[in-house]
Amino acid sequence: MTATNASHLIRGEHKVDPGSGEARRNVDPASGAPISETPLDAVLAADAAVEAAREAFPAWAATPVGDRVQYLFKYKTLLEKHADELAAIVVREHGKTKGEALGSIRRGIDCVEFACAAPALLMGRTLPQIAVSTSFCRTEDQGGVGIDSSVDRLPLGVCVGITPFNFPVMVPLWMWPMAIACGNTFVLKPSEKDPLAALRATELAHDAGLPPGVLNLVHGGAPVVQRLATHEDVEAVSFVGSTRAGEAIYRMATEAGKRVQCMCGAKNHSIIMPDANREAAIDGITGSAFGNTGQRCLAGSVAVCVGDAADWLVPGVAEKTKKLKVDRGDAPGCSMGPLIDAEAKQRVLQYIEYGLEDGAELVLDGRKAQFPKEGHFVGPTIFDRCRPGMRVVEDEIFGPVLSVMREETLDAAVATVNRSKYGNMAVIFTSSGHSARKFAAHVQAGMLGVNVGVPAPMAAFPFAGWKKSFFGDLHANGEDGARFFTKQRVVVTRWL
Ligand code: NAD
């Protein structure tokens, strides 16, 4: 089987990179068969994509918002029609299970639907008669002249999106549908690790009739990102990915004067109270830690058990987890797929070693699970009696490793959660409203779940990470998305 060259999509046309530079070779993570090659230093293509977006901007910004969203209505139906096709690409190049792939595409479609509400989201505000002017023609005796004021939301220009491998269809849909609905034009730089799903989803937008240049896609690695994030014709940069890359891109792009939002890495904690519904907590922790093979910024990878909760949670999760079928994503009954690549597998195996070296108790060893031998598989792994400072507790592993900690009280558990440098999400399982309320009041994370394992915000809400999980002001999605992709203009009016 030969690899496909991932082509750029500029002005609605495929452009294969001349291929003089470096490329990344991607394989099927479940079998090692070649899939695609992504050019990594396609800087000229990045320039061409920005130029296409810059040229398309004036006409697109002048297109009435009601007309702009018509393309998104058509696109939504195309995404629904092609959901199985897109899911098959995601399963093949990312390794997710088919159910996970279809679910993530559905969450992406939600974002397209929300962007269709742009006419309401972009509405300005007016305050008539903010003052009475008595200067120039009319005196106070003549009643003066009323002054009105209004504020409008306007597009920024060319916006850029840089996206991670773990949701190759969904995360781009957090960005460009809202950006273009607001009147901007867009350049998407998807992950170099699974480029074909994002490419196919972008082709469908052109099948919906989107004018050339409004949405462009360029592949690449760090050199392309650097070019896009500092390009003089780019106004805003939306990034989703690791904290290491996101923090650097935030610095670089803000220094170049761009508006920037960076949704970054995570180490999410779930508190399990002794009064929790046991079945719900076991289900919730298992799904949160091992869903998407732990490759999720909302993965609950640390369980903080209060009182004697660990005595039933750990055996319960271990028993449930042993039944998970680890296989290629489209195998019948598969509940957990492989990791994205050999490097990711190596990293997870290294953290299992770190856990042992640091003195954690290995309850379930994912190295010994049953899975196909060819791919990048590691089975679900559980460490108990983890303590602060252990590397399996401190670092984002981004794989199927659950670290269990034990605390005596809710206060101690909240303090343990708040030690983390990350603040993406936190969860509590409890039957006490008092405990849930105390948790919500004191825990330092931007997305909270109460008896919900993965509190992923729906499209109308912001993806609201805190601390090292986010750099910027306005988050992705919800009204924040519309505000991020627009600037305000105040008009003060006096008619003599
Ligand atoms: P990554 O940071 O390696 O890559 C993300 C994007 O940044 C890619 O397009 C990549 O090409 C680019 N990139 C990587 N290194 C770069 C560098 N040095 N300079 C410039 N650009 C660079 O992330 P990943 O491995 O693709 O995705 C996993 C990470 O994404 C995890 O940390 C996960 O928590 C995070 N993530 C966060 C969210 C969120 O909303 N907070 C959502 C999904 C994933």
ask   = Helix 43-62: angle to the longest alpha-carbon principal axis of the chain, degrees 0 to 90, nearest 10?
value = 50
inquiry  = Please enumerate, by chain and number, the aspartates and glutamates with C-alpha under 17 Å from the C-alpha of Lys193, excluding those fewer than 8 residues away in the same chain.
reply    = Asp17, Glu22, Asp28, Glu37, Asp41, Glu93, Asp341, Glu343
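Write down the percent of antiparallel bridges among all DSSP beta bridges whose residues are both part of the chain, to the nearest 5. Numbers along the way, then the final one.
Working: 32 of 74 bridges.
Approximately 45 percent, going by the DSSP bridge assignments.
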query = Each residue of the range 181-187 in turn: what ³J(HN,Hα) in whole Hz from Karplus with 6.51, -1.76, 1.60 and θ = phi - 60°, glycine and Pro shown as x?
reply = 4, 7, x, 7, 10, 9, 10
note = The local net charge around Gln350, scoring Lys/Arg +1 and Asp/Glu -1 for residues other than Gln350 whose Cβ lies under 12 Å from its Cβ, equals 0
ask   = So how do 120-132, 280-292, 62-74, 409-421 stack up, highest first, on mean other-Cβ count within 10 Å?
value = 280-292, 409-421, 62-74, 120-132
ask   = What is the local net charge at Val491, summed over the other residues whose Cβ is closer than 10 Å to its Cβ (Lys, Arg +1; Asp, Glu -1)?
value = -1
message = Tell me which of Val452, Cys334, Ile162 sits at the most positive position along the dipole axis of the chain, charges placed on C-beta atoms (Lys, Arg +1; Asp, Glu -1).
response = Val452
message = Going Cα to Cα from Lys74, which lysines come in below 19 Å? Please leave out same-chain ones fewer than 8 positions away.
response = none
note = Using alpha carbon centers only, the range 276-324 is separated from the range 12-68 by a whole-angstrom value of 39
request  = Let me know the number of lysine pairs in the range 268-450 closer than 21 Å at the Cα, not counting same-chain pairs under 8 apart.
outcome  = 12
ask   = So what's the angle, to the nearest 10 degrees on a 0 to 90 scale, between helix 98-115 and the longest Cα principal axis of the chain?
value = 20
ask   = Between the range 420-494 and the range 335-403, how many Å separate their Cα centres?
value = 28
query = Going by how many other Cβ atoms sit within 10 Å of their own, how do Phe461, Phe371, Phe383, Phe439 line up, fewest first?
reply = Phe461, Phe371, Phe439, Phe383
message = Skipping prolines and chain starts, which residues have an amide H placed within reach, meaning under 5 Å, of the one on Asn451, given they are 5 or more residues away or on another chain?
response = Ile428, Phe429, Thr430
message = Once you order the gyration tensor axes a ≥ b ≥ c over the Cα atoms, which shape class does the chain get: rounded for a/c under 1.5, otherwise prolate or oblate by comparing a/b with b/c?
response = oblate
Net charge of neighbours whose Cβ lies under 13 Å from the Cβ of Trp176, counting Lys and Arg as +1 and Asp and Glu as -1 = +2
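Fewest to most neighbouring Cβ within 10 Å: what's the order for Thr134, Thr293? Walk me through the numbers on the way to the answer.
Details: Thr134 14, Thr293 31.
Listing Thr134, Thr293 from fewest to most nearby Cβ atoms yields Thr134, Thr293.
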message = Give the aspartates and glutamates reachable from Lys81 as a straight Cα distance under 18 Å; neighbours fewer than 8 places away on the same chain don't count.
response = Glu100, Asp110, Glu113, Glu203, Asp207
key: Estimated [θ] at 222 nm from DSSP helical runs (n ≥ 4, -39500 (n - 2.57)) normalised by residues in the chain, nearest 500   = -12000 deg cm²/dmol
inquiry  = Please compute the Kirkwood hydrodynamic radius of the range 268-450 from all pairs of different C-alpha atoms, in Å with one decimal.
reply    = 16.2
Principal axis dimensions, largest first and in whole angstrom, of the range 159-279 by Cα = 57, 36, 28
request  = Show the residues, 5+ positions off or on another chain, whose built amide H is closer than 5 Å to the amide H of Ile130.
outcome  = Ile147, Asp148, Ser149
note = Going from the fewest other Cβ atoms within 10 Å to the most, one would list Arg385, Arg244 as Arg244, Arg385
query = How far is helix 83-94 tilted off the main Cα axis of the chain, in degrees rounded to 10, range 0 to 90?
reply = 60
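Each reported figure results from applying straightforward, stated rules to the coordinates on display, with no laboratory input. Keep in mind that what you see is a predicted model, and the values were worked out from it rather than measured. Note: ideal-geometry Cβ built from the backbone for every residue, glycine included; neighbour counts use all protein chains shown.
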